[in-house]
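Step one of this worksheet: look at the structure below.
Please treat every number below as a calculation from the coordinates, not as lab data. Keep in mind the model is a prediction, meaning the values are calculated, not measured. Virtual Cβ from ideal backbone geometry, glycine too; neighbours counted across all protein chains shown.
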Amino acid sequence: GSGTAPADVSASFVVVANRLPVDRVQHPDGTVDWRTSPGGLVTALEPVMRKNEGAWVGWHGAPDEVLDPFEEDGITIVPVPLSSQEVAEYYEGFSNATLWPLYHDVVAPPEFHREWWDAYVRVNRRFAERAAAVSDEGATVWVQDYQLQLVPQMLRTMRPDLRIGFFLHIPFPPVELFQQLPWRREITEGLLGSDLIGFQLPGAVQNFTRLVRQRVSAEVRRDLVTLPDGHVARAKAYPISIDSRGFRELARSAPVRERAREIRRDLGDPEVMFLGVDRLDYTKGIKQRLRAYGELVAEGRLDPDKVVFVQVATPSRERVDQYRHLRDEIDMLVGRINGEVGRIGRPPVVYLHSSFPREEMAALYSTADVMVVTPLRDGMNLVAKEYVACHEGDEGALVLSEFAGAAYELKQAYKINPYDINDIKATLELACRDAPTNKARRLRALRKQVFDNDITRWADTFLSDLDQKVTG
Ligand code: ADP
Ligand code: F6P
């Protein structure tokens, strides 16, 4: 629920993101609910905001509504309104049908439309104005993700006194792909308005600095970019993480343990439970993983009486064509696998198209034997880390795409190339049948990684780097 409206918001720490941590949902009967927003950005930043008192500027997920600021669990929420047309052009259009596929290896063809760009500029300016209005003198403002890449430069022009950080949660593409973008110069300059630009991986930093060398009149020395006006922007990698201890505590709680046992029973006590958890997105490789699993069952390499694959997919960006097609394709694929190799009371795939509370996710993670994470491209993938944090004991396995940012740190996962169905098949089998000592050794190494590098460490490192004034 939303509390009372603070009269005048003013903060020394301000996060600006397209999404607020909560979404406003209006039911057909007119009642209103607030729900946790989908995706990794909110999972990661929520604990950071709870620790550092501050304001969160963002959109509340519904069109055509102007809302006052309010307090939610100790966070000051500053809603930014979007009209229906802006949702269509800025959010569904330029953010999610132009930038999203372009930045993810063009796994779907990006669309370029001038009206979408115009809306992107307009909405970025609104976010920048809102952030400028709530920031104290000399405040730190941390802008998030690909929807708001023009905000740093706009904000610097409005408020030169601010420390401006930017973090990109998704991959930054190679120059060869980025340069398709008709507005490549504006986006690059928008980002360079920051004092510190954070990327998930060193490879993304390289892509960005290579782009700047080729396209902008600036001096680039290693990770420092000096602009003609003397402003210095630094680019550096900060692999994002989760509240590892928070997830583990949740998984250890009595109700979640009980729920885990219940899930297992309801599934018919399978010998092996595979699990996939994603936003329903074409970058996640859901088709590839289900196809691989379906073939293993059809070929008798996995016994349909003993195994089950639980795939949980949160509805996402449902009015964008590519997402609509994907949903139909997955429906068909699941239907085909269950129709062809299923038995009464034992469907080989249990598919849930919906979002669940964090407790339910923790229960699923803690009981799943093989976690299957197969994106064709992913900035990080927090689901992989959540599994590692929640899954205790020596049995368990993480199958992980080498194209997920998480693969850079989670080196002991069972790695796969998601474009190679035979590789996925062989690795799913290995993950089931590997010697217990191998599994235990891998899990221990993964756990060490995820607990040594949690979200607090990520935020502290970024913010202390942002604090240091660098000169070119
Ligand atoms: P992305 O940011 O692209 O969605 P991530 O894997 O980084 O991908 O983050 C996804 C987040 O959404 C995780 O915190 C995960 O727990 C959550 N999530 C994914 N699917 C569901 C679901 N069906 N119900 C609830 N939470 C989900
Ligand atoms: O970084 C991943 C991300 O794109 C976030 O920016 C976003 O909030 C999340 O996934 C979920 O997507 P959406 O906000 O479009 O529902």
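With respect to the numbered conditions (1) over 30 Å from His113 (Cβ atoms); (2) within 16 Å of ligand 2 (Cβ to nearest atom); (3) in a loop (DSSP other than H, G, I, E, B), which one is the sole condition not fulfilled by Asp29?
Single failed check for Asp29: (2).
Assess whether Leu227 counts as being in contact with a Gly (Cβ under 6 Å, 6 or more places away or on another chain) and surrounded by 17 or more Cβ atoms within 10 Å (Cβ to Cβ). Even if it seems obvious, please write down each step before you answer.
On the way: in contact with a Gly (Cβ under 6 Å, 6 or more places away or on another chain): no; surrounded by 17 or more Cβ atoms within 10 Å (Cβ to Cβ): yes.
Considered against the rule, which asks whether it is in contact with a Gly (Cβ under 6 Å, 6 or more places away or on another chain) and surrounded by 17 or more Cβ atoms within 10 Å (Cβ to Cβ), Leu227 comes out as no.
Restricted to the stretch 34-53, and to residues that are of a type outside the set (A, V, I, L, M, F, W, C) and closer than 16 Å to Phe462 by Cα, which residue is nearest to ligand 2 (Cβ to nearest atom)? Break it down stepwise before answering.
So the first thing to find is which residues in the stretch 34-53 are of a type outside the set (A, V, I, L, M, F, W, C), and the list is 35-40, 43, 46-47, 50-53.
This time we only want the ones that are closer than 16 Å to Phe462 by Cα, so: 46-47, 51-52.
Values: Glu46: 12, Pro47: 16, Lys51: 20, Asn52: 20 Å.
Looking at the filtered set, the residue picked out is Glu46.
For the list (1) of a type outside the set (Phe, Trp, Tyr); (2) surrounded by fewer than 21 Cβ atoms within 10 Å (Cβ to Cβ); (3) within 19 Å of Leu227 (Cβ to Cβ); (4) within 16 Å of ligand 2 (Cβ to nearest atom), I need the number of the one condition that Ile197 fails.
For Ile197, the exception is condition (2).
Output the helices (runs of 4 or more DSSP H) that fall wholly within the stretch 61-180 and possess 3 or more residues being surrounded by 15 or more Cβ atoms within 10 Å (Cβ to Cβ) and more than 20 Å from the chain's Cα centre (by Cα), or say none.
114-134, 151-158, 175-178
Does Arg317 qualify as being assigned to a helix (DSSP H, G or I) and within 16 Å of ligand 2 (Cβ to nearest atom)? Show your work before the answer.
Values: assigned to a helix (DSSP H, G or I): no; within 16 Å of ligand 2 (Cβ to nearest atom): yes.
Taking the combined requirement at face value, the residue does not satisfy it.
Residues of the stretch 379-419 being away from ligand 1 (no atom under 16 Å from the Cβ) and within 17 Å of Ser244 (Cα to Cα), which ones?
Those that are away from ligand 1 (no atom under 16 Å from the Cβ) and within 17 Å of Ser244 (Cα to Cα): Glu392, Gly393.
Which residues, counting only those in the stretch 47-60, are over 15 Å from Val123 (Cβ atoms) and either surrounded by 20 or more Cβ atoms within 10 Å (Cβ to Cβ) or of a type in the set (Asp, Glu) (or both)? Even if it seems obvious, please write down each step before you answer.
Residues of the stretch 47-60 that are over 15 Å from Val123 (Cβ atoms), as a first pass: 47-56.
Result: Val48, Met49, Glu53, Gly54, Ala55, Trp56.
All but one of (1) without any contact (Cβ under 8 Å) to a residue 12 or more places away in the chain; (2) farther than 30 Å from Met49 by Cβ hold for Ser464; which doesn't?
Every listed condition holds for Ser464 apart from (2).
Taking the options Ala17, Ala11, Ala55, name whichever one is touching a residue at least 40 places away in the same chain (Cβ under 8 Å) and either within 16 Å of ligand 1 (Cβ to nearest atom) or touching a Phe, Trp or Tyr at 6+ places or on another chain (Cβ under 7 Å) (or both).
Selected residue: Ala17, the only one of Ala17, Ala11, Ala55 that is touching a residue at least 40 places away in the same chain (Cβ under 8 Å) and either within 16 Å of ligand 1 (Cβ to nearest atom) or touching a Phe, Trp or Tyr at 6+ places or on another chain (Cβ under 7 Å) (or both).
Go through the residues of the stretch 385-398 one by one and say whether even a single one is surrounded by fewer than 20 Cβ atoms within 10 Å (Cβ to Cβ), more than 18 Å from Leu428 (Cβ to Cβ) and not small (Gly, Ala, Ser). Spell out how you get there, then give the answer.
Filtering the stretch 385-398 down to residues surrounded by fewer than 20 Cβ atoms within 10 Å (Cβ to Cβ) leaves 392-395.
Among the residues that remain, those that are also more than 18 Å from Leu428 (Cβ to Cβ) are: 392-394.
Still in the list and also not small (Gly, Ala, Ser): 392, 394.
Scanning the stretch 385-398, I find at least one residue that is surrounded by fewer than 20 Cβ atoms within 10 Å (Cβ to Cβ), more than 18 Å from Leu428 (Cβ to Cβ) and not small (Gly, Ala, Ser), so the answer is yes.
For the structure I just gave you, tell me whether Gly342 is in contact with a Gly (Cβ under 8 Å, 6 or more places away or on another chain) and more than 23 Å from Val399 (Cα to Cα). If you could, list the steps in order and put the result at the bottom.
On the way: in contact with a Gly (Cβ under 8 Å, 6 or more places away or on another chain): no; more than 23 Å from Val399 (Cα to Cα): yes.
Taking the combined requirement at face value, the residue does not satisfy it.
For the stretch 14-26, give me each residue that is of a type outside the set (D, E, K, R), under 19 Å from Pro63 (Cα atoms) and within 14 Å of ligand 2 (Cβ to nearest atom).
Step one: list which residues in the stretch 14-26 are of a type outside the set (D, E, K, R), which gives 14-18, 20-22, 25-26.
Filter once more, so that each one left must be under 19 Å from Pro63 (Cα atoms): 16-18, 20-22, 25-26.
Within the stretch 14-26, Val16, Ala17, Asn18, Leu20, Pro21, Val22, Val25 meet the criteria.
Looking only at residues in the stretch 26-47 that are of a type outside the set (Gly, Ala, Ser), touching a Gly at 6+ places or on another chain (Cβ under 9 Å) and within 17 Å of Val78 (Cα to Cα), which one is nearest to ligand 1 (Cβ to nearest atom)?
The selected residue is Arg35.
I'm checking my understanding of the structure. Among residues of the stretch 277-324 that are more than 16 Å from Pro418 (Cα to Cα) and among the aromatic types (Phe, Trp, Tyr), which one is surrounded by the most Cβ atoms within 10 Å (Cβ to Cβ)?
Residue satisfying both the conditions and the ranking: Phe309.
Quick check on this structure: which one of Val220, Val277, Val256 is in contact with a helix residue (DSSP H, G or I) (Cβ under 6 Å, 6 or more places away or on another chain), away from ligand 2 (no atom under 16 Å from the Cβ) and assigned to a strand (DSSP E or B)?
Only one candidate qualifies: Val220.
Filter the stretch 330-367 down to residues that are in a helix (DSSP H, G or I), within 16 Å of ligand 2 (Cβ to nearest atom) and either among the small types (Gly, Ala, Ser) or touching an Asp or Glu at 6+ places or on another chain (Cβ under 6 Å) (or both), then give me how many there are. Walk me through it before giving the result.
Here is the first cut: in the stretch 330-367, the residues in a helix (DSSP H, G or I) are 330-341, 358-367.
This time we only want the ones that are within 16 Å of ligand 2 (Cβ to nearest atom), so: 358, 361.
Those still in the list that are either among the small types (Gly, Ala, Ser) or touching an Asp or Glu at 6+ places or on another chain (Cβ under 6 Å) (or both) too: none.
Count: 0.
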